[in-house]
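Take a look at the structure set out below.
We did not get these values from a lab; they are worked out from the coordinates using the rules stated. Because the structure is predicted, anything quoted here is derived from the model rather than measured. Here the Cβ positions follow ideal geometry from the backbone for every residue, glycine too, while neighbour counts run over all protein chains shown.
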Amino acid sequence: MSSRETHVTCPCCNSHLDVDLRTGKVMKWRRETELDETGKPIVRESDWDEAAVRVKDRMGTATDKFDAGLSREKERVRDLDDLFDKAKDKLEKRRENDELA
């Protein structure tokens, strides 16, 4: 559990909840019967499978975000080059007009 989460026990059903303090969302919850005698969650095979799927999805999302950021950066460079060329053309036109005047 990180410092941005807190552990809460439900007074009605004694379920254990991990709550994100920033968003107020319940990140994890376990029924009281799903805990061993030391209070730690009992981990099932399905829990590992779900976690593996979440990690795989997160890695795909990270790659997509990286690719999107890279293409935005390339567009930004192209846009800055275009702005520089426009400013340079404007300066050249101004110099030509000053020479003619």
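What FRET efficiency would be calculated for the residue pair residue 73, residue 22, taking the C-beta separation as r and a Förster radius of 35 Å, to the nearest 0.05? Can you show the working numbers first?
Details: r = 28 Å, r/R0 = 0.81.
The calculated FRET efficiency here is 0.80.
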Review point. If each of residue 48 and residue 85 carries a label point 7 Å out from its Cα toward its Cβ, how far apart are those two points in nm?
Key: 5.7 nm
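For the chain, rounded, prolate or oblate, judged on the Cα gyration tensor with a ≥ b ≥ c (square roots of eigenvalues), a/c < 1.5 rounded, else prolate if a/b > b/c? Please report the intermediate quantities before stating the final value.
Details: a/c = 8.32, a/b = 3.49, b/c = 2.39.
It comes out prolate by the Cα gyration axes.
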Practice item. Would you kindly derive the ³J(HN,Hα) couplings of the range 88-95 from the backbone phi angles with the Karplus curve 6.51 cos²θ - 1.76 cosθ + 1.60 (θ = phi - 60°), listing them in order in whole Hz, with x for Gly and Pro? Key: 5, 4, 5, 5, 5, 5, 5, 5
Revision key, fill the gap. Under the 7 Å Cα-to-Cβ spin-label approximation, residue 66 and residue 92 lie apart by a distance in nanometres of 4.0 nm
**Study point:** Cα centre as origin, Lys/Arg/Asp/Glu Cβ charges: the chain dipole, Debye
**Key:** 240 debye
Review point. Taking springs between alpha-carbon atoms closer than 10 angstrom, which of 64, 85, 49 fluctuates most in the Gaussian network model of the chain?
Key: 85
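Short version: what are the Cα gyration tensor semi-axes of the range 44-101, square root of 5 times each eigenvalue, largest first, in whole Å? Kindly include the intermediate steps, with their values, before the conclusion.
Values: eigenvalues 624, 4, 3 Å².
The three semi-axes for the range 44-101 are 56, 5, 4 Å.
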